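The values are calculated or read from the model by the stated rules, or taken from the named source; none is laboratory data. Since the model is a prediction, treat every value here as computed from it, not as a measurement. Neighbour counts run over all protein chains shown; Cβ positions are idealised from the backbone, glycine included.
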Amino acid sequence: MKGDKKFVSIDLGTAYTLVYVNGKGIVYNEASIVAYRRKDNSIIAVGEEAYKMIGKGNKTIKIVKPMVDGVITDIETTTSQLRYIFKKLRIESYLKGAVVLLACPSVITGLEKLALQKIAMNFGASRVFIEEEVKMAALGGGMNIFAPTGKLVIDSGGGTTDVAVLASGDIVVSKSIKVAGNYLNEEIRRFIRSQYGMEVGQKTSEMVKINIGSLAKYSDERRMKVYGRDVVSGLPREIELSPEEVREVLKVPVSKIIDLTVQVLEETPPELAGDIFKNGIIICGGGALIRGIDKYFADTLQLPTRVGEQPLLAVINGTRKFENQIFDYIREEKLSSSLVNF
């Protein structure tokens with residue numbers, strides 16, 4: 001069944017959009033950003049090319065993020081983004097008759113799910129399935145989510161952090177919070193403004209997080225030069241930030257994710273809670289790359305914690321592994337249908 005079917009999966013993340021095509025692998029992995037020309041509302045750049053324009057555009061260019069805090073801001077923009085990507089990858093014809101799996105944040109509404117299904121069907125897909133990113137992240141991060149034992153996964157992306165307990169192939173308890181990569185960037189930006197009286201952009205605060213962000217001390221710590229605009233004089237300026245400063249900034253929002261994890265554990269059935277005590281926690285998504293985050297969670301919650309396999313690719317890798325389940329479901333569906341007809 002699988003051999004004669006085409007399969008495409010898409011991870012519609014707040015920060016990045018990824019596309020997987022069976023037989024070709026991950027064919028697209030770029031920022032979830034679209035740049036429009038205001039005059040005629042035509043797309044001039046998508047992905048990394050559009051990302052480079054943030055903070056450096058002009059009045060003729062409009063930068064739009066199709067997903068903000070895990071919520072689809074504009075279905076038309078999402079459609080345009082995907083159409084642009086498929087055309088760039090030259091896989092428009094491949095989508096005809098393909099089975100498509102969309103991995104989406106848990107906070108999107110039923111109407112948004114229907115809209116996304118319609119988008120994929122309009123591209124020519126024969127079937128469209130939608131799964132929550134946190135479930136795919138657990139699978140892609142190295143968990144056997146189909147076993148009848150409790151697993152706890154934290155998927156911290158760009159807009160939202162999802163915490164979920166899974167067992168026997170599905171989600172038992174899950175909660176979401178709009179505290180993730182973009183929120184951490186904003187906290188760093190606010191700190192620099194209040195502490196040093198200097199304004200920095202989104203990309204600068206993100207680079208601070210990536211280069212010296214941590215939740216525990218690490219070897220070869222060093223200060224980082226940061227450039228921005230003085231809030232009083234309006235002139236360009238330079239400061240130096242220490243890893244310790246950034247560490248204290250990050251601990252405040254991360255504590256909110258820990259509180260959410262505790263809430264999920266409090267609602268977890270006792271038998272599954274016992275499994276989690278033994279199996280521990282897995283962290284996926286961009287947030288998993290913050291130095292020392294696994295140790296910080298392990299020390300705070302007194303549960304073994306590890307970073308998932310290829311955390312940035314966990315969701316799309318999960319969709320790859322879920323491909324067999326999709327085709328098994330379709331085969332069983334057809335078999336059941338033929339028995340009824342008989």
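I need the full set of residues from the stretch 153-184 which are more than 21 Å from VAL307 (Cα to Cα) and under 18 Å from the mean Cα position of the chain (by Cα), in order please.
Within the stretch 153-184, none qualify.
Can you go through ASP155, ASP170, ASP230 and tell me which one is closer than 27 Å to VAL71 by Cβ and surrounded by 13 or more Cβ atoms within 10 Å (Cβ to Cβ)?
Values: ASP170 fails: surrounded by 13 or more Cβ atoms within 10 Å (Cβ to Cβ); ASP230 fails: closer than 27 Å to VAL71 by Cβ.
Unique residue meeting the criteria: ASP155.
Can you work out which of the residues in the stretch 19-39 that are outside any strand (DSSP E or B) and without any contact (Cβ under 8 Å) to a residue 60 or more places away in the chain is farthest from ALA120 (Cα to Cα)?
Taking the stretch 19-39 first, the residues outside any strand (DSSP E or B) are 22-24, 32-33, 38-39.
Within this subset, residues satisfying the condition of being without any contact (Cβ under 8 Å) to a residue 60 or more places away in the chain are 23-24, 33, 38-39.
Working: GLY23: 20, LYS24: 19, ILE33: 19, ARG38: 27, LYS39: 28 Å.
My answer is LYS39.
Here are LEU235, LEU215: which of them is within 25 Å of VAL307 (Cα to Cα) and either among the hydrophobic types (A, V, I, L, M, F, W, C) or touching a Pro at 6+ places or on another chain (Cβ under 6 Å) (or both)?
Working: LEU235 fails: within 25 Å of VAL307 (Cα to Cα).
Result: LEU215 is the single residue among LEU235, LEU215 that is within 25 Å of VAL307 (Cα to Cα) and either among the hydrophobic types (A, V, I, L, M, F, W, C) or touching a Pro at 6+ places or on another chain (Cβ under 6 Å) (or both).
So which helices (runs of 4 or more DSSP H) stay within the stretch 40-123 end to end and still have 2 or more residues that are farther than 27 Å from ALA138 by Cβ, outside the structural domain of VAL163 (by TED's automatic domain parsing) and among the charged types (D, E, K, R)? Explain how you work it out, then say what you get.
On the way: elements: 48-51, 75-89, 110-122.
Of the helices (runs of 4 or more DSSP H) lying wholly inside the stretch 40-123, those with at least 2 residues that are farther than 27 Å from ALA138 by Cβ, outside the structural domain of VAL163 (by TED's automatic domain parsing) and among the charged types (D, E, K, R) span 48-51, 75-89.
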